[in-house]
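I have placed the structure first, in the form of structure tokens, so that the comments after it can refer back to it.
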Amino acid sequence: MKLTQQKWRNLCGKVFDEPIIKLVKDAIVREQKAGHRLKICVGSDSQAYQDHIAYATVVVVIREGKGGFMFIRNLKGNTKIGLKERMLKEVTMSIEVAYAICNILEAYNVELEVHADINTDPKFQSNVALKDAMGYILGMGFVFKAKPYAFASSSCADKVV
């Protein structure tokens, strides 16, 4: 599947030339210096269209009790794929980002969660990927969250996909 990838940006539309590793490190240093306790959640979502699939991955930086902000990356896939494969592609995108930043988070003692836009209720179609996604995320050593607790994917990424 061919993907067209954009640079990271914030919700206001400011585009960053730096890699996510530097963006996250700079944010942690700045926010911890200001006295904030942080948690970072990574999640992805997708939307299938007639001729392509749009993806969004977000890194949500939460200031405990003081709101938060996020970094966003959009991608465009030109190949139609099935629902389960699409759900697992979202998880893979989130894991790739989580893996890239996990050493920084460990060094600065910041919690990390990986959120999957997958419903835990078997009545929903996305549930077909739940066991695979959970195994993949937990197997990589990350904290796993699914709907309704996966706000980074089901709310934040959903709004920017």
Against the longest alpha carbon principal axis of the chain, how many degrees, from 0 to 90 and to the nearest 10, is the axis of helix 83-107 turned?
20
Any idea of K145's accessible area? Nearest 10 Å², probe 1.4 Å.
60
Give the separation of the Cα centroids, segment 99-154 to segment 13-57, in Å.
15
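Could you work out the Kirkwood radius for segment 1-56, taking every pair of different alpha carbons, averaging 1/r and inverting it, reported in Å?
Kirkwood radius, segment 1-56: 13.9 Å.
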By how many degrees, between 0 and 90 and to the nearest 10, does the Cα long axis of helix 20-33 differ from the longest principal axis of the chain?
40
Working from Cα positions, state the angle (0 to 90°, nearest 10) between the long axis of helix 130-139 and the longest principal axis of the chain.
40
Considering only protein heavy atoms and a 1.4 Å probe, what is the carbon-and-sulfur percentage of the accessible area of segment 1-108?
50
Measure off 7 Å from each Cα along the Cα-to-Cβ vector at K76 and T92, then give the distance between these two points in nanometres to one decimal.
2.1
Return the calculated 222 nm mean residue ellipticity for the chain, to the nearest 500 deg cm²/dmol, obtained by summing -39500 (n - 2.57) across DSSP H runs with n ≥ 4 and dividing by the residue count.
-10000 deg cm²/dmol
Just tell me which lysines come within less than 29 Å, Cα to Cα, of K66; anything on the same chain fewer than 8 places away is out.
K7, K14, K22, K25, K33, K39, K145, K147, K159
For K89, list the aspartates and glutamates whose Cα falls under 12 Å from its own Cα; do not include residues on the same chain fewer than 8 positions away.
D45, D117, D132
Tell me, what is the FRET efficiency for L11 and K66 to the nearest 0.05, using R0 = 22 angstrom and their Cβ-Cβ distance as r?
0.85
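The values are calculated or read from the model by the stated rules, or taken from the named source; none is laboratory data. Small disclaimer: the values here were computed from a predicted structure and weren't measured. In this analysis, Cβ positions are derived from the backbone assuming ideal geometry, glycine residues included, and neighbour counts consider all displayed protein chains. In case anyone asks, the SASA skips ligands and DNA or RNA and just uses the protein heavy atoms, side chains included. Shrake-Rupley method; radii C 1.70, N 1.55, O 1.52, S 1.80 Å.
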